Amino acid sequence: MRSDARIYIAGHRGLVGSAILRRLRAAGFSHLITRTHAELDLTDAAATHAFFEAEKPEYVFLAAAKVGGIVANNRYPAEFIRDNLAIQTNVIHAAHLSGVRRLLFLGSSCIYPKLAPQPMREDCLLTGPLEPTNRPYALAKIAGIEMCWSYNRQYGTRFLAAMPTNLYGPGDNYHPENSHVIPALLRKFHEAKRDGCDQVVVWGSGTPRREFLYSDDMADACVFLMRLDEMRYGALLGSDESISGRFEPPLINVGVGEDVTIAELAEYVRTVTGFQGRIDYDRSKPDGTPRKLMDVSRLAQAGWRASTPLDAGLRQAYAEFLASGQA
């Protein structure tokens with residue numbers, strides 16, 4: 001990407017989108033295009049098409065999505081599949097019509113089967129049943145991968161899907177019910193310390209293993225991918241299965257390549273927040289997938305690795321939470 005390239009960051013106020021915007025600004029990119037939801041509703045096909053025709057972005061980071069944790073996914077399954085299908089369909093189609101050079105579609109590790117072999121490689125896609133607690137969201141993201149693949153095959157577009165592991169960092173959602181595990185735990189332990197509680201109750205058994213990637217590392221990986229030379233970028237776009245006979249979607253995992261148990265994570269958060277009480281586990285609550293570790297060898301071979309250790313990232317995330325006024 002040239003430093004003056006027209007770059008659209010869809011979802012620039014979210015966890016990933018805001019990090020991508022910071023990363024691009026730090027790298028000196030000067031023509032960054034953003035719209036708030038109030039300014040542009042990406043579930044509106046006509047409005048999305050008009051925006052692309054007017055702005056003519058050359059590169060698109062598709063980070064806009066309806067996201068949430070287990071509670072939100074269970075409570076609003078219709079919204080999760082409906083809104084995400086609409087957003088990605090409108091943006092991908094408009095990107096094709098307006099001649100976007102490259103598009104990076106961001107998904108989630110929940111696209112992989114609940115019991116996928118660990119670590120999960122890109123070719124695990126569509127090999128087994130999904131985790132039911134977030135299946136509507138996962139199916140929408142799988143459809144987005146297939147849409148990128150189909151447009152590449154039929155129209156010669158160069159759209160790539162990047163699947164991050166669990167993310168956390170500045171700009172995260174700390175809602176007490178609709179947040180993901182790290183912001184939920186940071187808030188819970190912070191409030192327990194503030195209120196003088198002697199215990200924190202963590203959902204589930206504490207035994208599931210999860211991988212966590214700091215959002216600024218995710219942004220760095222996204223910009224790295226979009227700046228690859230044509231040969232290396234093209235190698236990530238997979239192949240036309242009807243010609244090659246191989247299942248090679250335009251898909252790449254983004255993660256750190258190592259994981260911790262939820263119990264270990266809780267101990268990290270206890271240390272970061274300074275909570276002195278005990279941790280209890282509510283085994284009546286769902287654990288979700290037993291393990292979700294990404295195979296990141298494809299990204300490592302391309303030349304990128306995460307650089308923020310979990311303890312350091314948690315300290316930075318907690319400091320941002322305290323400074324944000326949400327505490």
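Data table
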read-out	value
Count of the stretch 27-61 residues which are touching a residue at least 40 places away in the same chain (Cβ under 8 Å) and within 24 Å of Met1 (Cβ to Cβ)	14
Index of the failed condition, Gly325 passing every other in (1) among the small types (Gly, Ala, Ser); (2) more than 17 Å from Ile182 (Cα to Cα); (3) modelled with pLDDT of 95 or more	(3)
Yes/no for Val269 being buried (at least 22 other Cβ atoms within 10 Å of the Cβ), touching a helix residue (DSSP H, G or I) at 6+ places or on another chain (Cβ under 8 Å) and either under 20 Å from Ala317 (Cβ atoms) or not hydrophobic (A, V, I, L, M, F, W, C) (or both)	yes
Looking only at the stretch 259-292, and only at residues there that are at pLDDT below 95 and within 16 Å of Pro164 (Cβ to Cβ), the one that is nearest to the chain's Cα centre (by Cα)	Lys292
Qualifying position, being of a type in the set (A, V, I, L, M, F, W, C), modelled with pLDDT of 95 or more and over 23 Å from Leu213 (Cα atoms), among Ala140, Ala78, Ala50, Ala63	Ala50
Conditions (1) buried (at least 20 other Cβ atoms within 10 Å of the Cβ); (2) polar (S, T, N, Q); (3) over 12 Å from Ile92 (Cα atoms); (4) out of contact with any Gly (no Cβ under 8 Å at 6 or more places or on another chain): number failed by Thr127	(1)
Pairs with Cβ under 8 Å, 6+ apart, first in the stretch 118-140 and assigned to a helix (DSSP H, G or I), second aromatic (Phe, Trp, Tyr)	Asp123/Phe247; Cys124/Tyr112; Asn134/Phe80; Pro136/Phe80; Tyr137/Phe80; Ala140/Phe80
Enumeration of residues in the stretch 19-56 that are basic (Lys, Arg) and in contact with a helix residue (DSSP H, G or I) (Cβ under 8 Å, 6 or more places away or on another chain)	Arg22, Arg23, Arg35, Lys56
Listing of helices (runs of 4 or more DSSP H) fully contained in the stretch 15-78 that carry 2 or more residues being closer than 14 Å to Val91 by Cα and over 20 Å from the mean Cα position of the chain (by Cα)	45-55
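The values are calculated or read from the model by the stated rules, or taken from the named source; none is laboratory data. In this text, all values refer to a predicted model and were calculated from it rather than measured experimentally. Cβ atoms come from the backbone with ideal geometry, glycine included; neighbour counts cover every protein chain shown.
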